[in-house]
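For reference, the structure is listed below as structure tokens.
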Amino acid sequence: MGAWSSSRRGPTATEQKLRSFVEAVTGGHVIRMERQIRWRPAWFVDVERGAQILHIHIRGDRNSDILPFPELKREADILEVLEEHDIPVPHIWGVCADPVAIIMDAVPGTRDVSRAASDTERRSIVRQYATAVAAMHKIPTQAFVQRGLDLPQGAEAIALAGLAAYGPLYEKTKRKPEPLIEFALRWLKSNVPQHRTRASFIQFDSGQFLFDAGRLTALYDFEFAMLGDPMTDLATMRMRESYEPLGDDVAQSLPPLRGWPQASP
């Protein structure tokens, strides 16, 4: 199979640059490069390196001005910290500057739990996921601060970390009165849990994982991750589960809230 056989056209200038960068960071030769059909520029790439075939994913830049954390390298830094602490995430090979893109391992698996072999396997998968999230929450926050993440101080800043990130975007794009949203924002600010005063690393857009043959293979998509209240991941997990089933009953699979681990500063 030729390097560009997945497409009837030749490589674009952007793809040529990405190919050269992939070969430089992996030390191999690109034998296939296929663009994903989606809103974000992304490619699956096969790299021949001796007798080995590396399966690579290129995560391109959104080029959007409505993101709380627009720098793509930030996500690569986060993934590197997670890998250093044995959290199952894609390995990062490098970050291309032009065009901006993360070069990472393409991890096998699916997030569709309906494809699990049995109910027992589905329950096992979500428990594996919950265990990985708990371990992620225990990583010392300083490891992320050293990579440029902001560490909120005090109960209010920790609880409202997500609001602090997204609030300015809401104000920027608001075009009409939003009474329900305004009520929710006021309620959040008036009901900050004062007893949780230590931040953890949180995925924020949680519930995203891959599994294969009954084994959790990766947590992925840390574009919106930050330091904040670990309970946020439980809340957004439940939100995702309402329209994208995660496996077992989430409430039964997660540790009790009082026992949910807190990170060490």
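Any idea which of ARG74, ARG40, ARG59 is in contact (Cβ under 8 Å) with a residue 12 or more places away in the chain and part of a loop (DSSP other than H, G, I, E, B)? Let's see the steps before the verdict.
Details: ARG74 fails: part of a loop (DSSP other than H, G, I, E, B); ARG59 fails: part of a loop (DSSP other than H, G, I, E, B).
Exactly one residue qualifies, and that residue is ARG40.
Is at least one residue of the stretch 187-210 under 17 Å from the mean Cα position of the chain (by Cα) and without any contact (Cβ under 8 Å) to a residue 24 or more places away in the chain?
Start the filter on the stretch 187-210 by keeping residues that are under 17 Å from the mean Cα position of the chain (by Cα), which leaves 200-210.
Checking the rest, the ones that are also without any contact (Cβ under 8 Å) to a residue 24 or more places away in the chain come to none.
Looking through the stretch 187-210, none of the residues is under 17 Å from the mean Cα position of the chain (by Cα) and without any contact (Cβ under 8 Å) to a residue 24 or more places away in the chain.
Restricting attention to the stretch 7-41, and to residues there that are farther than 15 Å from PRO99 by Cβ and among the hydrophobic types (A, V, I, L, M, F, W, C), which single residue is surrounded by the fewest Cβ atoms within 10 Å (Cβ to Cβ)?
Checked the stretch 7-41; the qualifying residue surrounded by the fewest Cβ atoms within 10 Å (Cβ to Cβ) is ILE37.
Quick test for you: out of PHE44, PHE69, pick the one residue that is of a type outside the set (Val, Ile, Thr), surrounded by 15 or more Cβ atoms within 10 Å (Cβ to Cβ) and farther than 22 Å from GLN203 by Cα.
Working: PHE69 fails: farther than 22 Å from GLN203 by Cα.
So the residue among PHE44, PHE69 that is of a type outside the set (Val, Ile, Thr), surrounded by 15 or more Cβ atoms within 10 Å (Cβ to Cβ) and farther than 22 Å from GLN203 by Cα is PHE44.
Taking the stretch 81-91 on its own, how many of its residues are without any contact (Cβ under 8 Å) to a residue 40 or more places away in the chain and in a helix (DSSP H, G or I)? Explain how you work it out, then say what you get.
If we filter the stretch 81-91 for residues that are without any contact (Cβ under 8 Å) to a residue 40 or more places away in the chain, which is where we start, we get 83, 91.
Checking the rest, the ones that are also in a helix (DSSP H, G or I) come to 83.
Qualifying residue count for the region: 1.
Do the conditions hold for SER20, that is, is it at pLDDT below 95 and over 26 Å from GLN128 (Cβ atoms)?
Answer is no for this residue.
Within the stretch 170-210, which residues are surrounded by 15 or more Cβ atoms within 10 Å (Cβ to Cβ), farther than 25 Å from LEU72 by Cα and hydrophobic (A, V, I, L, M, F, W, C)?
LEU185, VAL192
Given the options GLY167, GLY228, name the one that is under 28 Å from HIS91 (Cα atoms) and not charged (D, E, K, R).
Working: GLY167 fails: under 28 Å from HIS91 (Cα atoms).
None of the others qualify; the one that does is GLY228.
Residue pairs, Cβ under 6 Å, 6 or more apart or interchain, first in the stretch 221-236 and of a type in the set (S, T, N, Q), second outside any loop (DSSP other than H, G, I, E, B). List them.
THR232/ILE202
The values are calculated or read from the model by the stated rules, or taken from the named source; none is laboratory data. On a predicted model such as this, the values are computed, not experimentally measured, just so you know. As a convention, Cβ positions derive from the backbone with ideal geometry for all residues, glycine included, and neighbour counts pool all protein chains shown.
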